[in-house]
Structures are given as structure tokens and as C-alpha cells.
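Undergrad: Below is a structure I'd like to ask you about.
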Amino acid sequence: MSAPTVTSLSCPQCGAAIELRTLDQALSVVCSSCGSILDARDPNLHVLQEFQARQKFTPQIPLGTRGTLKGEKWEVVGYQVRGITVDGTTYYWDEYLLFNPYKGFRYLTQYDGHWNDVQVLKAAPAEQMTGRQPYVTLHDEKFKHFQTATAETYFVLGEFPWQVRVGDTAVTRDFVAPPRMLSEEQTPEETTWSLGTYMPAAQIWTAFGLPGKPPHARGVYANQPDAYMPLAGSMAKRYLLFVAVIAALILIRLVTASRETVFATNSAFFKPGAPADSLAFVTPTFTVSGRTANLEVTTEAQVDNGWAYFEYALVNEATGTTYEFGREVSYYYGRDSDGAWSEGSRRDRAVLPSVPPGQYFLRVAPEAQVPTSFLEYRIIVRRDVPTLTPYLICLALLALPPIFVALRAWGMESARWKESDYAPSGDDDDDE
Amino acid sequence: MTGTVIPSAARSAESRDLHLRHGERVDVTARTADCPNCGATIEFRWSSAVQTVCPYCKAVLVRRDLDLEKVGMVSDLPPTSSPIQLGTEGRWQEDGFVVVGRIVYRYDRGGWNEWYLRTMRGGSAWLSDAQGDLAISAPATSGIALPAANALQVGQSYAIDDTLFRVASLTRARYAGIEGELPFESWNRDEALFADLDTDGNGDTLRFATIDYSDGSPVAYVGTYVELDQLAARNLRRIEGW
């Protein structure tokens with residue numbers, strides 16, 4: 001037995017043909033010609049409401065369009081534009097009513113290019129009212145309250161399994177757990193809950209074979225999945241792995257570094273006030289052996305409330321290659337109302353990154369300003385010493401991508417909640 | 001607001017029927033009978049049907065021993081988009097069923113179908129079909145004291161068959177038509193109260209209950225929302241274009 005799927009009737013207001021795609025499920029149908037809302041259950045289709053919309057809207061998916069959504073066939077049978085008004089501005093969204101006689105009804109909503117696939121729930125989720133922000137739980141998933149508003153119907157087309165009227169209002173409460181959203185709609189007659197799932201617009205365009213490309217989605221929608229959050233999480237995990245690897249490398253370096261002392265002066269003295277040139281001297285030649293490695297020059301000067309400056313030149317005897325560098329050692333201390341204080345250090349380390357093996361000597365030109373008349377100092381040269389700096393630079397650079405992604409995720413989250421009842425203070429969205 | 005099969009009347013008649021079946025019962029086994037109104041041969045899907053509607057002349061017929069007695073007429077049912085029809089077969093809870101009858105209910109903001117199922121093991125159940133939402137229910141097994149119709153309020157909770165249910169909505173509906181074989185022989189055409197109960201604000205379960213006030217004393221039914229796919233249904237109505 002096969003039943004007709006469409007009944008044909010005519011509008012009592014303007015005479016235009018009226019199609020009923022949902023048969024006995026339709027309670028109201030809108031005349032596509034004059035916009036009157038008709039009682040679909042009345043054989044004469046008496047007028048429930050004459051055309052009242054102040055503005056005409058055109059659905060992006062035409063009525064009667066069939067599409068395959070998540071493997072199921074659906075037909076667009078109704079379209080309504082609803083909106084909420086905040087501070088004198090009305091924000092409109094579209095609701096498409098989909099029908100399949102074997103599956104019942106389903107909805108698609110569209111706001112600023114953001115689409116949701118919505119199904120009415122058969123029972124209310126469990127609600128917790130604790131704290132400032134209530135939440136509801138469905139199948140162990142927690143949905144945070146997003147917004148409470150009064151939605152008004154502004155425009156209708158097609159047929160509906162309820163008695164639709166332009167001007168209808170319902171109190172809506174939205175709870176989000178991206179990419180899902182639970183919405184409650186309350187009218188004096190009934191309370192219904194529905195579960196929405198965020199859908200990329202391109203998927204809608206493919207499902208219904210719509211021409212062209214979907215308009216670009218603007219802003220961040222309440223239940224829009226956060227592309228950056230999971231990425232930030234996985235990047236943070238990967239970063240911890242990097243930290244572990246680098247820590248292991250540091251450990252290996254600490255164990256394997258030879259730290260071989262290749263030269264050390266005995267304690268030497270010079271007379272501080274003398275001109276630098278007269279104090280300059282050249283060390284005996286010393287041998288740097290092994291492979292090319294770093295070379296650490298440690299300067300220890302027993303300065304007391306003063307400074308010493310050492311102009312160094314490391315010269316390779318064979319090639320004449322010269323490494324010039326200057327080091328300052330300064331140490332000050334005293335006592336004030338906060339107690340004892342000190343600044344600087346009597347010891348300085350300089351590391352030359354890679355010095356090939358060979359015969360070397362140091363040319364040293366010291367100068368100093370200290371209260372004492374003689375200054376004791378010492379120079380120690382070691383090769384192949386472990387340094388942390390390259391590892392730390394490496395860790396800092398590796399931290400940049402996860403930090404960048406985390407900032408994007410944070411930015412998306414704050415953009416999402418900016419539109420909610422929980423916008424940061426200063427934003428006057430909180431209308432609850 | 002005239003004439004409705006009181007669904008509960010129907011259903012409580014059914015419980016009498018069940019009672020009879022477990023006790024001593026006159027078994028009406030004939031599979032066919034002639035319509036006393038138009039003479040057409042009527043085939044029964046359920047051999048113990050108490051009442052049927054002649055599919056040809058729409059006479060409401062009640063079995064009296066081996067004969068059928070015409071007790072009224074019904075008008076044509078409005079076209080439906082339901083995928084279920086008389087003769088649809090399926091499986092639910094490891095028991096096969098066949099759809100043998102239907103009651104159509106209407107209220108000011110909608111309507112629904114109650115399909116009467118007979119199961120292979122000799123049981124029965126109701127498959128309700130409202131805006132594509134399907135649910136299977138059977139009379140509650142525990143005999144709890146149900147509230148009077150005028151004492152019932154949305155939000156109140158009652159334990160029915162060991163589950164706590166909350167009154168979610170109250171609907172005043174009336175009978176809008178019948179077809180096929182049904183387990184009762186008389187009906188009440190007044191508007192009657194139906195209470196829909198859900199599982200106390202816990203959307204994790206698809207169980208529900210209804211309390212039916214159409215027959216003097218309230219009758220509770222407990223059931224589960226189902227998807228058509230879960231019923232492995234055969235002989236569904238073929239809907240053109242789908």
C-alpha cells in the first residue's frame with residue numbers, strides 16, 4: 001500500500017495552492033503566496049494569522065529541498081526566523097524544519113554562518129544549580145549554562161507540527177559543551193529540550209546540493225568546536241617530551257664533559273691605579289688538546305667594593321687566530337636599613353664556543369679600581385665544560401608554538417563567552 | 001467534544017482480557033468472519049480480537065461468540081505520514097509482534113497514534129507514534145495508588161514499577177478514530193486526561209510512563225522510547241518518494 005505524500009489544498013485567503021508534506025503531522029501551514037498562517041488540521045484551512053512579518057526573509061535552503069544528512073534522507077518542510085533582542089538590537093537566526101516519515105522531525109539552525117544539527121530530546125537532562133554558573137548533565141557530559149533569553153518568532157514559511165505564530169515567544173536557555181549544545185525552550189504550554197551539534201556549513205551545502213559556497217561564518221559561536229584547544233593540549237604534551245629529551249641530553253653532557261684544565265695562573269697581583277698598558281702581560285704557552293670544544297676562561301679577582309676589568313686575547317700560536325674579549329669582575333657589599341647587601345661576584349666565567357686544539361697563549365690587559373693597593377687575581381682556562389645556555393635557548397624556542405596555540409585557544413574561548421551571560425565585567429551582556 | 005474511544009477504557013478492557021487469558025477464557029479462534037454490514041470477509045490477524053473495524057465499510061464490529069455485531073460506524077481516518085500500518089511486524093525485547101489495531105487521538109495542539117501490538121508469545125503492548133517519536137508501553141505491573149485526575153500536577157513524582165517518574169505534561173485528548181482489531185468493545189467519547197511522565201529530569205534514560213484517566217480509575221503504563229531501526233520492522237507503509 002502506498003500513500004500520497006503530498007496533499008493539495010488551497011489558501012482561503014488568496015486561493016493559492018497549499019501543499020502538505022507532513023500530512024497529519026502538520027498543525028499549521030504558511031501560504032507561500034500571501035503569507036497567511038493556516039490551520040492545517042482544518043479541512044478548510046482557516047486562517048490562524050494573517051501575514052504579519054515586518055520583514056521578509058529568504059531561506060538559504062529552499063522549502064522542499066531534500067538532502068542526505070549523516071546518512072539519512074531529509075526534506076526541508078518548514079522555515080522560521082527567530083531572534084533575541086539585546087540592548088535594542090535584534091539578533092536573528094534561521095530554523096529549518098526537516099522531515100522524514102520514517103525518522104520524524106529534525107532541525108537545522110543557522111546564525112551568522114554557523115550551523116547546528118538539532119534533535120528534540122525525549123526527556124530533560126539533569127540540572128545542577130550550584131555556583132554562579134549552573135550546568136546540566138546528559139550522558140555524563142557536563143554542559144555549562146551559556147545564555148538565557150526570550151526568543152521571538154519573526155517570520156515563518158512552510159508547515160509545522162505545532163501552531164506557529166509570528167510574535168510567539170519562548171524563554172530559551174542554552175548550555176554548551178562544544179561541539180554540542182543543549183537548549184531548553186519554555187512556553188506556558190510546555191518545556192522542550194533539544195540537543196544541537198555544530199556542523200560545518202560546507203557539510204550543509206554538500207548535503208542539500210546548494211549552489212556556490214556557504215557564506216563565511218562570523219565570530220565564534222556558542223558551541224563551535226575549539227580547533228586550538230585540543231591542539232594546544234597535544235602540543236603541550238609534546239613539549240613535555242622535548243623537555244624530557246633535553247634534560248636527558250643535559251645529563252649526558254654533564255657526565256661526558258671532560259672539564260680539562262689546560263692553564264691556570266697562580267695568584268698574581270697587580271697594582272690597581274697603574275695605566276692598563278703598563279700592566280699588560282702575556283701568559284706562557286699552553287696546549288689545548290683533544291677535539292674542537294668550548295674553552296672556558298674563569299677570572300677570579302678579590303675585589304672589595306670595586307671593579308676589575310680584564311681585556312683578553314687568546315692567540316693560537318701556529319695560525320695567529322685571535323679571540324678577543326673583555327670581562328669585568330665587580331663586587332660591592334655593605335649594610336643598610338634592610339640589613340646586609342651585596343652585588344656582583346668575585347668570579348666571572350666566559351665561554352668561547354668552539355676552539356680547535358693547538359698551542360695558545362693569553363694576552364691579558366687588566367685594570368681595576370679598588371680601595372686596596374694590590375689586587376689578587378687568578379685566571380683558569382678549561383676546555384670542554386658543560387653549558388646550559390644552548391639547551392635553554394632550544395627549550396624557549398620549542399615553547400613558542402604551544403604558547404602561540406594556547407593563546408589562540410584562550411582567545412577563542414574568551415570570544416565564545418563574550419556573547420554569553422558570563423561575559424567579563426565591563427561587557428553589559430549579562431541580562432540574567 | 002464528542003466521542004472518543006477512551007484509550008484507558010480500551011486498555012483496561014485489555015487488562016481484563018489479559019486476566020481472562022490467564023484464567024479460564026472462551027477462546028474465539030475463528031480467523032475469518034463476514035461483516036454483518038456489507039458482507040465482506042474479514043480476516044483477523046489476532047484470533048482473540050474483541051473488536052474490529054471492517055476495512056471496507058468502516059463498520060465497528062464486536063464479536064459475539066462466532067458472529068460479529070455492528071455497534072457503530074467510523075469515518076475515514078485522516079491521511080497519516082506514519083510509517084506504521086496494520087500488519088507491520090517487528091521485534092522488541094526478543095519477542096516478535098504484529099500491529100493489529102490503531103486508535104487515533106487528537107488534542108488542540110496535535111495528535112498521536114496508538115498502535116495495538118500482539119506478540120508471538122501471546123502478550124500485548126501499545127506502540128505510540130507522535131510526530132515520528134515512537135514509544136512502546138505496557139500496563140504497569142505493580143498496583144500502586146495513582147493520584148486522582150484533579151490532584152495531578154506537573155512536576156510531581158511517582159514511583160511506578162520501581163522507577164521514579166515525574167509528571168512532565170498533562171494533555172486533554174479525545175479519540176479521533178480507530179481501525180483494525182482492538183481488545184475492548186466499548187469506548188467513551190469524552191475528552192480524557194493523559195499524563196506524560198519522564199524519569200525525573202534525568203535525560204540519560206528513555207523510559208517514560210503515562211497515566212490514563214479515560215476510564216474512571218486511572219491506569220499507568222510504563223514504556224521506552226524506541227527508534228524504528230530498533231524494531232527490525234517489516235511491512236512498513238511504503239511512502240511514495242521515500
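Undergrad: Test B:THR80 against the stated conditions and say whether it is surrounded by fewer than 18 Cβ atoms within 10 Å (Cβ to Cβ), touching a residue at least 12 places away in the same chain (Cβ under 8 Å) and in a loop (DSSP other than H, G, I, E, B).
TA: Values: surrounded by fewer than 18 Cβ atoms within 10 Å (Cβ to Cβ): no; touching a residue at least 12 places away in the same chain (Cβ under 8 Å): yes; in a loop (DSSP other than H, G, I, E, B): yes.
No; evaluated as a whole, the condition is false for this residue.
Undergrad: Which condition from (1) within 12 Å of chain A (Cβ to nearest Cβ); (2) closer than 24 Å to B:TRP242 by Cα is the one that B:GLU89 breaks?
TA: For B:GLU89, the exception is condition (1).
Undergrad: Let me ask something additional. Would you list the strands (runs of 3 or more DSSP E) that sit entirely within the range A:239-321 and hold 1 or more residues that are modelled with pLDDT of 90 or more?
TA: Details: elements: A:260-264, A:268-270, A:286-288, A:293-301, A:306-316.
Where strands (runs of 3 or more DSSP E) fall fully within the range A:239-321 and carry at least 1 residues being modelled with pLDDT of 90 or more, they are A:260-264, A:286-288, A:293-301, A:306-316.
Undergrad: Now, a different point. Keeping to the range A:352-395, report how many residues are more than 30 Å from A:LEU249 (Cβ to Cβ) and hydroxyl-bearing (Ser, Thr, Tyr).
TA: 3
Undergrad: Determine whether the range B:186-200 contains at least one residue that is part of a loop (DSSP other than H, G, I, E, B) and at the interface with another protein chain (Cβ under 10 Å from one of its Cβ atoms).
TA: Checking the range B:186-200: at least one residue is part of a loop (DSSP other than H, G, I, E, B) and at the interface with another protein chain (Cβ under 10 Å from one of its Cβ atoms).
Undergrad: Out of the range B:35-71, which residues are at positive phi and assigned to a strand (DSSP E or B)?
TA: The answer is none; no residue qualifies.
Quick grid of which residues meet (1) within 35 Å of the chain's Cα centre (by Cα); (2) surrounded by 20 or more Cβ atoms within 10 Å (Cβ to Cβ); (3) away from chain B (no Cβ under 14 Å); (4) of a type in the set (Ser, Thr, Tyr):
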| residue | (1), (2), (3), (4) |
| --- | --- |
| A:CYS14 | no, no, yes, no |
| A:ILE18 | no, yes, yes, no |
| A:GLY64 | no, no, no, no |
| A:LEU69 | yes, no, yes, no |
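Undergrad: Against the conditions (1) within 14 Å of chain A (Cβ to nearest Cβ); (2) in contact with a helix residue (DSSP H, G or I) (Cβ under 9 Å, 6 or more places away or on another chain), where does B:PHE97 fall short? Just the number, please.
TA: With (1) within 14 Å of chain A (Cβ to nearest Cβ); (2) in contact with a helix residue (DSSP H, G or I) (Cβ under 9 Å, 6 or more places away or on another chain) applied to B:PHE97, the lone miss is (1).
Undergrad: Name the residues in the range A:87-101 that are more than 10 Å from chain B (Cβ to nearest Cβ) and part of a loop (DSSP other than H, G, I, E, B), would you?
TA: A:ASP87, A:GLY88
Undergrad: Looking at the range B:100-121 only, could you name the residues that are outside any strand (DSSP E or B) and either surrounded by 23 or more Cβ atoms within 10 Å (Cβ to Cβ) or within 12 Å of chain A (Cβ to nearest Cβ) (or both)?
TA: Of everything in the range B:100-121, those that are outside any strand (DSSP E or B) and either surrounded by 23 or more Cβ atoms within 10 Å (Cβ to Cβ) or within 12 Å of chain A (Cβ to nearest Cβ) (or both) turn out to be B:ASP108, B:ARG109.
Undergrad: Starting from the range B:143-163, take each residue that is at positive phi and list its partners that are among the aliphatic types (A, V, I, L, M), counting only C-beta distances under 7 angstrom and pairs at least six apart or across chains.
TA: Close Cβ pairs (under 7 Å, with a partner that is among the aliphatic types (A, V, I, L, M)) amount to B:GLY155/B:VAL167; B:ASP161/B:ALA140; B:ASP161/B:VAL222.
Undergrad: Out of the range B:205-242, which residues are assigned to a loop (DSSP other than H, G, I, E, B), free of Cβ contacts under 8 Å to residues at least 12 places away in the same chain and facing chain A (nearest Cβ under 8 Å)?
TA: If the condition is that a residue be assigned to a loop (DSSP other than H, G, I, E, B), free of Cβ contacts under 8 Å to residues at least 12 places away in the same chain and facing chain A (nearest Cβ under 8 Å), then B:THR205, B:GLU240, B:GLY241, B:TRP242 are the ones that fit.
Undergrad: A further question on this structure: Please indicate, with yes or no, whether at least one residue in the range A:165-179 is within 14 Å of chain B (Cβ to nearest Cβ), more than 22 Å from A:TYR79 (Cβ to Cβ) and not charged (D, E, K, R).
TA: yes
Undergrad: Return the total of residues in the range B:128-142 being hydrophobic (A, V, I, L, M, F, W, C), within 14 Å of chain A (Cβ to nearest Cβ) and touching a residue at least 60 places away in the same chain (Cβ under 8 Å).
TA: Qualifying residue count, the range B:128-142: 3.
Undergrad: Let me ask another. Which condition number does A:SER8 fail, the rest of (1) exposed (fewer than 15 other Cβ atoms within 10 Å of the Cβ); (2) away from every other protein chain (no Cβ under 14 Å); (3) under 15 Å from A:GLY64 (Cβ atoms) being met?
TA: Evaluating A:SER8 over (1) exposed (fewer than 15 other Cβ atoms within 10 Å of the Cβ); (2) away from every other protein chain (no Cβ under 14 Å); (3) under 15 Å from A:GLY64 (Cβ atoms) leaves (2) as the failure.
Undergrad: Do we have B:GLU191 as in contact with a Pro (Cβ under 9 Å, 6 or more places away or on another chain) and not hydrophobic (A, V, I, L, M, F, W, C) here?
TA: no
Undergrad: Please state which of the following conditions A:THR191 fails to meet, knowing it meets all the rest: (1) touching a residue at least 12 places away in the same chain (Cβ under 8 Å); (2) away from chain B (no Cβ under 14 Å); (3) of a type in the set (S, T, N, Q).
TA: (2)
Undergrad: Could you count how many residues in the range A:213-264 are touching a Phe, Trp or Tyr at 6+ places or on another chain (Cβ under 8 Å) and closer than 30 Å to A:VAL364 by Cα?
TA: Residues in the range A:213-264 being touching a Phe, Trp or Tyr at 6+ places or on another chain (Cβ under 8 Å) and closer than 30 Å to A:VAL364 by Cα: 2 in total.
Undergrad: Further question on the same structure: Could you check the range A:138-177 and list, in sequence order, the residues that are small (Gly, Ala, Ser) and crowded, with 22+ Cβ neighbours inside 10 Å?
TA: As a first pass, look at the range A:138-177 and keep what is small (Gly, Ala, Ser): A:149, A:151, A:158, A:167, A:170, A:177.
A:GLY158, the sole residue that qualifies.
Undergrad: For B:SER169, only one of the following conditions fails: (1) without any contact (Cβ under 8 Å) to a residue 60 or more places away in the chain; (2) polar (S, T, N, Q); (3) more than 10 Å from chain A (Cβ to nearest Cβ). What is its number?
TA: Answer for B:SER169: the failing condition is (3).
Undergrad: Then there is this: Just wondering, is there one or more residues in the range B:31-54 that are out of contact with any Lys or Arg (no Cβ under 7 Å at 6 or more places or on another chain), among the hydrophobic types (A, V, I, L, M, F, W, C) and under 30 Å from A:THR22 (Cβ atoms)?
TA: Within the range B:31-54, one or more residues are out of contact with any Lys or Arg (no Cβ under 7 Å at 6 or more places or on another chain), among the hydrophobic types (A, V, I, L, M, F, W, C) and under 30 Å from A:THR22 (Cβ atoms).
Undergrad: Of all residues in the range A:172-206, count the ones that are over 24 Å from the mean Cα position of the chain (by Cα) and of a type in the set (Gly, Ala, Ser).
TA: 2
Undergrad: Scan the range A:102-114 for residues that are touching a Phe, Trp or Tyr at 6+ places or on another chain (Cβ under 8 Å) and either within 14 Å of chain B (Cβ to nearest Cβ) or assigned to a loop (DSSP other than H, G, I, E, B) (or both) and jot them down.
TA: A:TYR102, A:LYS103, A:PHE105, A:ARG106, A:TYR107, A:ASP112, listed by residue number.
Undergrad: Among the residues of the range B:64-84, which ones are under 20 Å from B:THR41 (Cα atoms) and either modelled with pLDDT of 85 or more or in contact with a Leu (Cβ under 9 Å, 6 or more places away or on another chain) (or both)?
TA: B:LEU68, B:GLU69, B:LYS70, B:VAL71, B:GLY72, B:MET73, B:VAL74
Undergrad: Still on this structure: If I ask for residues that are among the polar types (S, T, N, Q) and assigned to a loop (DSSP other than H, G, I, E, B), which ones from the range B:122-171 would you list?
TA: Across the range B:122-171, the qualifying residues are B:GLN131, B:THR141, B:SER142, B:GLN153, B:GLN156.
Undergrad: To continue, here is another question. So is A:ASP117 more than 13 Å from chain B (Cβ to nearest Cβ), in contact with a Pro (Cβ under 7 Å, 6 or more places away or on another chain), part of a strand (DSSP E or B) and over 20 Å from A:GLU19 (Cβ atoms) or not?
TA: It is false that A:ASP117 is more than 13 Å from chain B (Cβ to nearest Cβ), in contact with a Pro (Cβ under 7 Å, 6 or more places away or on another chain), part of a strand (DSSP E or B) and over 20 Å from A:GLU19 (Cβ atoms).
Undergrad: Residues in the range A:305-315: is at least one surrounded by 12 or more Cβ atoms within 10 Å (Cβ to Cβ) and acidic (Asp, Glu)?
TA: Yes, the range A:305-315 contains at least one residue that is surrounded by 12 or more Cβ atoms within 10 Å (Cβ to Cβ) and acidic (Asp, Glu).
Undergrad: Let me ask something else about it. Restricting to the range A:137-158, name every residue that is free of Cβ contacts under 8 Å to residues at least 40 places away in the same chain and either more than 14 Å from chain B (Cβ to nearest Cβ) or under 26 Å from the mean Cα position of the chain (by Cα) (or both).
TA: A:THR137, A:ASP140, A:GLU141, A:LYS142, A:PHE143, A:LYS144, listed by residue number.
The values are calculated or read from the model by the stated rules, or taken from the named source; none is laboratory data. Everything numeric in this text was worked out from a predicted model, so none of it was measured. Every residue, glycine as well, gets a Cβ built from its backbone with ideal geometry; the counts of neighbours run over all protein chains shown.
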